[in-house]
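One structure below.
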Ligand code: CMC
C-alpha cells in the first residue's frame with residue numbers, strides 16, 4: 001500500500017476507501033464517493049470558519065504559526081522590514097523575485113504615475129457626511145473605481161489585469177488620504193510624484209498651509225516598515241473575501257472593495273482601534289490585573305484585544321518588529337503614555353496560565369495603534385493604514401486565483417437544518 005494515502009472504512013456500509021494524501025491534505029471531493037446508497041449525495045466535510053480547510057494552493061506567503069515564522073516569497077519578514085521598502089516588497093509579492101535596480105525604478109515610476117484619481121472622485125467623497133468613517137469612504141470609492149475603468153472586467157487579460165493592480169496600489173493612499181481630509185474638513189491635497197510612496201501619503205494626509213511641508217524621515221521610514229509588515233498574510237479573512245468575490249470573475253476593484261469591508265471588522269483589521277479603546281478604558285498601569293481578571297471571566301464579554309491569532313500560536317513575528325519601531329517613533333514624537341499600560345498588559349498576560357495555556361500572544365495590532373496614535377492619526381483611520389499596504393497582497397492573491405486552473409467560482413455546501421416542504425398558509429389563516 002502506498003504511504004501517501006489514507007485508508008478509510010465507512011462503517012455505515014463497511015466499504016473501504018483509499019484516499020490520496022498530497023501536501024498534507026486529502027481532497028474533500030474524494031469523500032463524495034462514500035455513499036450509503038446510490039441516491040445518497042456522498043460524504044462532505046463540515047468546517048465552519050475554514051478552521052482546517054485549504055482553499056487554494058499559493059506560492060506567495062508562508063506562515064508557520066507554531067514557530068512564529070512569516071515569509072514573503074521565501075524572504076523572512078524581519079529581513080524585509082529591516083532592509084527593503086514597501087514598493088520593493090510589493091514588486092517581490094507581485095512578481096515572485098526581488099527586482100533589479102532597473103526593474104524597481106520602472107515599477108516605482110509606474111506606481112507614481114497612477115497616484116491621481118479622477119476629479120469626480122472628489123465629488124463622490126463630498127457626498128459623505130462629515131462624520132463618515134474613513135473605511136466606509138475607502139470601501140465605497142474603491143468599488144466606484146470600477147466605473148472609471150470598465151476594461152477592468154477583462155480579468156483574464158494579463159496586461160489589463162496588471163494595469164488595474166498597479167492602479168489599485170497607486171491610488172489607495174490617495175483615496176485613504178482624501179477620506180481622512182474629508183473627515184477632518186480639510187481640503188484634499190493632490191499626490192506629489194517627486195516623493196516616495198509613503199512620504200507622499202503622509203504629505204497628502206498631514207500637510208496644511210505649507211506647500212513644502214515634509215514629514216519627519218524617521219516617521220516615513222517607520223510607516224514604510226509597518227506597510228511592509230502588513231503587505232500580505234496569506235488566506236486571512238479579507239484576502240479570502242477578495243478571492244471568493246473575485247472567483248465570480250468580477251473586476252479587481254469590486255473584489256478589493258470586499259476585502260476592505262472584511263478588514264473593517266474589529267476581529268480583523270479593526271483590532272488596533274479596539275486595542276487603543278481598551279488601553280484608554282484601563283486608564284492606568286495599576287488597573288491591569290483587574291482588567292485581566294475580567295478578560296478571564298467566562299461570563300463576561302471582554303477580550304484582550306491585540307492578543308491571540310487563528311494561525312500564530314507563538315509571538316506574532318510582526319509584533320516583534322513593531323515593538324522595535326515603537327522606540328524609533330517615540331524618539332521623534334515623544335512616548336505614547338498608553339505604552340506603559342500595553343507593556344504591563346503584555347508582561348502580566350504572558351505569565352498568566354489562561355493565556356499561556358491557550359497560546360495567546362500579542363499580534364500585529366497590539367502595538368501598531370500606539371504608533372499610529374503617536375504619529376497623530378485618529379483611531380478611525382487606523383484600519384485605512386492597514387488597507388493601503390494590504391492592497392498589494394489582495395491584488396497578488398486575486399491574480400494567483402484567477403490564473404489557477406483548479407479554481408472555480410467559490411460555492412461552499414451547507415448542512416440544512418430548517419423545515420422541509422410545507423404548504424403555504426393564507427394570511428387570514430395564520
Ligand atoms: N482574549 C481573551 N481570550 C481569548 C482571546 C483574547 N484576545 N483570543 C482567544 N481567546 C480565547 C478564547 O476565548 C478561547 O477560549 P476557550 O478555549 O476557553 O473557549 C480560546 O482562546 C481560543 O480562541 P478562539 O476564539 O477559538 O480563537 P480564534 O482562532 O477563533 O480567534 C482571534 C482568533 C484573532 C479572532 C481571537 O484571538 C481574537 O478575537 N483576538 C482579539 C482580536 C484581535 O486582536 N484581532 C486581531 C487579529 S491579528 C490581525 C488580523 O488578522 O487582522
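At-a-glance table
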quantity	calculated
Expected-Rg normalisation [2.2 N^0.38 Å, Cα atoms] applied to the chain	1.09
P(r) tail fraction, the range 56-183 - alpha-carbon pairs more than 16 Å apart, %	70 percent
Counting all C-alpha pairs of the range 165-292, share separated by more than 21 Å (%)	56 percent
Protection-proxy order for peptides 296-302, 238-244, 280-286, 325-331, each taking the mean of Cβ atoms within 10 Å per residue, highest first	238-244, 325-331, 280-286, 296-302
Per-peptide average of other Cβ atoms within 10 Å, ordering 190-196, 403-409 highest first	190-196, 403-409
Nearest 10 degrees, 0 to 90: helix 158-184 Cα axis against the chain principal axis	60 degrees
Theoretical FRET efficiency, 1/(1+(r/R0)^6), r = Cβ-Cβ of residue 82 and residue 44, R0 60 Å, to 0.05	0.85
0 to 90° range, to nearest 10: angle between helix 365-374 axis and the chain longest Cα axis	20 degrees
Fully extended contour minus Cα-Cα distance, from residue 428 to residue 102, at 0.36 nm per residue	109.7 nm
Kirkwood hydrodynamic radius (C-alpha pairs) into Stokes-Einstein, the range 204-359, 4 °C and 1.567 mPa s, D in µm²/s	71 µm²/s
Highest-first arrangement of 129-136, 337-344, where packing means the average Cβ count within 10 Å	337-344, 129-136
Computed label-point distance, nm, for sites residue 13 and residue 136 using a 7 Å Cα→Cβ extension	5.3 nm
Degrees between helix 237-246 axis and first principal axis of the chain (Cα, 0 to 90, nearest 10)	70 degrees
Cα centroid separation - the range 88-124 against the range 283-345, whole Å	34 Å
Virtual paramagnetic centre 7 Å along Cα→Cβ of residue 157, amide N under 17 Å, in the range 388-406	403
Efficiency of FRET between residue 331 and residue 148 - r from beta-carbon atoms, R0 51 angstrom, step 0.05	0.75
Value of D in µm² per second that Stokes-Einstein yields for the range 1-45, Kirkwood Rh from Cα pairs, at 4 °C (1.567 mPa s)	116 µm²/s
Theoretical ellipticity at 222 nm over the chain - DSSP helices of four or more residues, -39500 (n - 2.57) apiece, nearest 500	-15500 deg cm²/dmol
Cα pair count fraction exceeding 23 Å, expressed as % - the range 271-374	20 percent
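Laboratory data are not the source of any read-out in this text; all were calculated from the coordinates shown. Keep in mind it's a predicted model, so treat the numbers as computed, not measured. Don't worry about glycine lacking a Cβ; one is built from the backbone with ideal geometry, like all the others, and counts go over all protein chains shown.
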